[in-house]
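Input: a single structure, listed below in structure tokens.
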Ligand code: AHR
């Protein structure tokens, strides 16, 4: 085999891909002066629900557990969660939220009522006849959740019950959380639960999936409810951000009817909404198994993840028809792949081992959020632990981080940076199942004179030798970190928690353009200093 000059250069840098060698197949040009917007750290948020093993045995093990805990909260989870720099965590649902009475989860733990969980009637729970999650002991309530957030360094985001509690309870839950120490009876109740100082909860969801489990409203019916709930609540000097229940995937009619009805009493009502919450799960593919899937299933799931981009664009455009100044932002407070298997522990509804495929779903999705940093103010992966698109798995004293965790940790470097336009010239993937998915996709953020570039290579077989440059200045590579495996089914288990983890590479010399080979089936983070350009990230 003869080697061309470019391959020679790549080989010299030690960057020739292990499986395939060929001339550069892609080009990336970063345009640091073309700023899209600040990447809200809240895009890297999480979601926790009283569902399966998420709360009980996931976060909460109880103070008397032999599992190391901080006041009942699983210590190993907190320690690892901190590595993700979690900005915000949503709770208590999901669908659970609209059946939940916050009063059940406050006051002395031993006196709290035991209630039927929203998810009790799903067939999966046949394996958990008596205990949680079918029946909720309410040991984990508002105080415990806020303490968990504090331990992790995250802001709490509470989802209120709009379907089955009156607006007065919403009012009082805010009072319970945020009224100053010693000021109200509810502040006293909070203090009796161990937290004298106010929680100062900033984010409040007004219902969840109000088009479905949250009340089965139409968009305009819900707009009326929303206006009523947020019209008058106590503020206590806390800036409250109200999040409206938004559309289910491509339900554009919901967005249009909600906003049209909302402003019927004046455009100033737009000021009462911080964001509208889109939910989009790219689901599964093939037979729905999390681990046992074909190459076509690989491509079709990644292609479905890419749909997030069209949803953001289209909803944003409709919002702009009514909210021309775009005061209201998009919040994607539930997203992820969702497979059909459930094999972690009895009663762990939707608990399975995410694979490298789910890591790529994460990378594709987070890159989309970064690229739309001007539109997306917050996002919350569903869910944090033991559930759906999870970052952590636990069972008793067993614990592992998942491939999804690793992507969140790699991408945390984008938080607070300025998203900049980045053009990626890359072939479309050939298999029909890929539905025109580009081989490479990614995003780039600017931090002073430092650039963070994340790239997903969806090609399961071929490395992509790529020329990377900036249109101003020169890229000086400083670091490279890659998550990949020869096996697209790779995943971590309780027995082998390090089976799939990222590796650091030497990024090579300072050639211009910089040439890098993105490994097949990979998520990569490259970091550069931008040399010879007088840019500021402002
Ligand atoms: O995340 C699981 C469920 O998916 C949530 O409870 C609900 O909001 C959505 O349908």
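None of the figures in this text is laboratory data; all of them are computed from the coordinates on show. All of these numbers come straight from a predicted model, not from anything done at the bench. A quick note on method: Cβ atoms are made from the backbone with ideal geometry, for glycine too, and the neighbour counts reach across all protein chains shown.
On the beta carbon distance between residue 220 and residue 496, with R0 = 41 Å, the FRET formula returns roughly 0.20. With neighbours defined as other Cβ atoms within 10 Å of a residue's Cβ, the residues 73, 368, 291 order from fewest to most as 291, 73, 368. Here region 127-184 is treated as a sphere whose radius is the Kirkwood value from Cα pairs; by Stokes-Einstein at 4 °C and 1.567 mPa s it diffuses with a coefficient of 94 µm²/s. Take the Cα of residue 340, go 7 Å toward its beta carbon, and the backbone nitrogen atoms of region 273-297 under 11 Å from that spot belong to 284-290. Treating r as the C-beta distance of residue 260 and residue 447 and R0 as 51 Å, the FRET efficiency rounds to 0.80. Note on region 229-265 and region 186-219: Cα centroid distance 15 Å, given to the nearest whole angstrom. Relative contact order of the chain, taken over Cα pairs closer than 8 Å and 6 or more residues apart, is 20 percent.
Here the peptides 337-347, 59-69 are ranked by packing, the mean other Cβ count within 10 Å, and the order with the highest first is 337-347, 59-69. Label-to-label distance for residue 228 and residue 171 is 1.3 nm, based on points extended 7 Å past Cα in the beta-carbon direction.
Set the Cα radius of gyration of the chain against 2.2 N^0.38 Å, with N its number of residues, and you get 0.98.
Cα convex hull, region 72-173: 122 Å³ per residue, rounded to a whole number.
When both bridge partners sit in the chain, DSSP labels roughly 60% of those beta bridges antiparallel.
Helical runs (DSSP H, four residues minimum) scored at -39500 (n - 2.57) apiece and divided by the length of the chain put the mean residue ellipticity at 222 nm at -7500 deg cm²/dmol. Between residue 289 and residue 313, the FRET efficiency from the beta-carbon distance, with R0 = 45 Å, is close to 0.90. Here's the picture: a label point sits 7 Å out from the Cα of residue 120 along the beta-carbon direction, and within region 196-229 nothing has its amide nitrogen under 13 Å of it. Taking other Cβ atoms within 10 Å as a rough exposure proxy, 355, 116 sort from fewest to most as 116, 355. Our estimate of slack between residue 479 and residue 66, defined as 0.36 nm per intervening residue step minus the Cα-Cα distance, is 144.6 nm. Over 22 Å apart: what share of the alpha carbon pairs of region 316-472 falls there, rounded to a whole percent? In whole percent, the share of Cα-Cα pairs in region 316-472 beyond 22 Å is 52.
Our Cα-only numbers for region 443-485 put the radius of gyration and Dmax at 12.3, 36 Å. Only Cα pairs under 8 Å and 6+ residues apart enter the sum, and on that basis the relative contact order of region 326-457 stands at 23 percent.
Taking every pair of distinct Cα atoms and averaging 1/r, then inverting, what Kirkwood hydrodynamic radius in Å comes out for region 382-421? Can you show the working numbers first?
Values: mean 1/r = 0.0870 Å⁻¹.
Radius from the Kirkwood sum: 11.5 Å.
Projected over all directions and averaged, the alpha-carbon convex hull of region 183-254 occupies 6.3 nm². Put a dot 7 Å past the Cα of residue 135, heading toward its Cβ, do the same for residue 504, and the two dots end up 5.2 nm apart. Compared with the dominant Cα axis of the chain, that is its longest principal axis, helix 252-262 is turned about 50°. When the label point is put 7 Å from the Cα of residue 150 along its Cα-to-beta-carbon vector, which residues of region 27-50 have a backbone N closer than 19 Å? Inside the label zone: nothing.
Give me 177, 149 ranked fewest to most by other Cβ atoms within 10 Å of their Cβ, as a rough exposure proxy. Each step should come with its number before you reach the end.
On the way: 177 24, 149 21.
Fewest-to-most Cβ neighbours within 10 Å comes out as 149, 177.
For the peptides 85-98, 210-223, residues were scored by their other Cβ atoms within 10 Å and the scores averaged per peptide; the highest-first order is 85-98, 210-223. Shown here: region 398-495, whose C-alpha atoms stretch 47, 37, 20 Å along the first, second and third principal axes, sorted largest to smallest.
Given contacts defined as C-alpha pairs under 8 Å and at least six residues apart, what's the relative contact order of region 278-366, whole-number percent?
42
Highest mean first, the peptides 516-526, 469-479, 417-427 sorted by other C-beta atoms within 10 Å per residue fall in the order 516-526, 417-427, 469-479.
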